[in-house]
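Engineer: Before we start, here is the structure in question, set down as structure tokens.
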Amino acid sequence: MSEIECIVDLLQGGHNGSPWHGPSLMQNLNGLTAEDAVQKPIPSAHCVWELVQHVTAWINETINVIDGQQYAPLAGEQDWPAISGTDDAGWQSAVEILDSSMQALIAAVGELQDDALWPNLPGMEFNMYWLLLGVVQHQAYHAGQIGLIRKSFA
């Protein structure tokens, strides 16, 4: 298995497969309503909807980098986009955008060659490999947070 194939497998598994760490991100989102997604059982923490939009923002930033744009750390509302509504249609749209963004990232990564992983990104002190494994870790981290928030609903 090539390094790219391994990364694709990690991205896919963490998104909607059977990762080692527990439920995938999409498994943790399955069955949640908009009402669930805006609850803040820890008042100073983010709600599930905010986490979904945050994860999506970083997936899209990574796609942009693969497409040749300069890496730019997200800040403010780019990093944590505001929720535009609280109805079920808006929630389903946010989940669908997350899913389609991850599928686009997986497709883009699948087109890379292993040798594209190692050079530092322009102007950065890290490479594509580090960025892509960061997405895998980021997804697992927030899937765990969402899993804990879900447990508070019971």
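Engineer: Which numbered condition in (1) farther than 20 Å from PRO23 by Cβ; (2) surrounded by 15 or more Cβ atoms within 10 Å (Cβ to Cβ) is the only one that GLU111 fails?
Structural biologist: (2)
Engineer: Checking LEU11 against (1) part of a loop (DSSP other than H, G, I, E, B); (2) surrounded by 13 or more Cβ atoms within 10 Å (Cβ to Cβ), only one condition comes out false. Which one?
Structural biologist: It fails just one condition, (1).
Condition check ((1) of a type in the set (D, E, K, R); (2) touching a residue at least 12 places away in the same chain (Cβ under 8 Å)) across all residues:
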| site | (1), (2) |
| --- | --- |
| ASP36 | yes, yes |
| GLU61 | yes, yes |
| ASN64 | no, no |
| GLU77 | yes, no |
| GLU96 | yes, no |
| ASP99 | yes, yes |
| ILE106 | no, yes |
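Engineer: If you don't mind, there's one more thing I want to ask. What single numbered condition from (1) in contact with a Gly (Cβ under 8 Å, 6 or more places away or on another chain); (2) surrounded by fewer than 12 Cβ atoms within 10 Å (Cβ to Cβ); (3) closer than 20 Å to GLN145 by Cβ fails to hold for PRO43?
Structural biologist: Unmet condition: (1).
Engineer: Condition test on PRO19, is it in contact (Cβ under 8 Å) with a residue 40 or more places away in the chain and either of a type in the set (D, E, K, R) or under 29 Å from ALA154 (Cβ atoms) (or both)?
Structural biologist: yes
So that you can scan it fast, the table gives a plain yes or no per residue for (1) surrounded by fewer than 17 Cβ atoms within 10 Å (Cβ to Cβ); (2) under 16 Å from the mean Cα position of the chain (by Cα):
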| residue | (1), (2) |
| --- | --- |
| GLN27 | no, yes |
| GLU35 | yes, no |
| LEU51 | no, yes |
| THR56 | no, yes |
| THR62 | no, yes |
| ALA82 | yes, no |
| ASP87 | yes, no |
| GLY90 | yes, no |
| GLU96 | yes, yes |
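Quick note: the coordinates plus some simple rules give every number you see, no bench work behind them. All of these numbers come straight from a predicted model, not from anything done at the bench. Backbone-built Cβ (ideal geometry, glycine too); neighbour counts: all protein chains shown.
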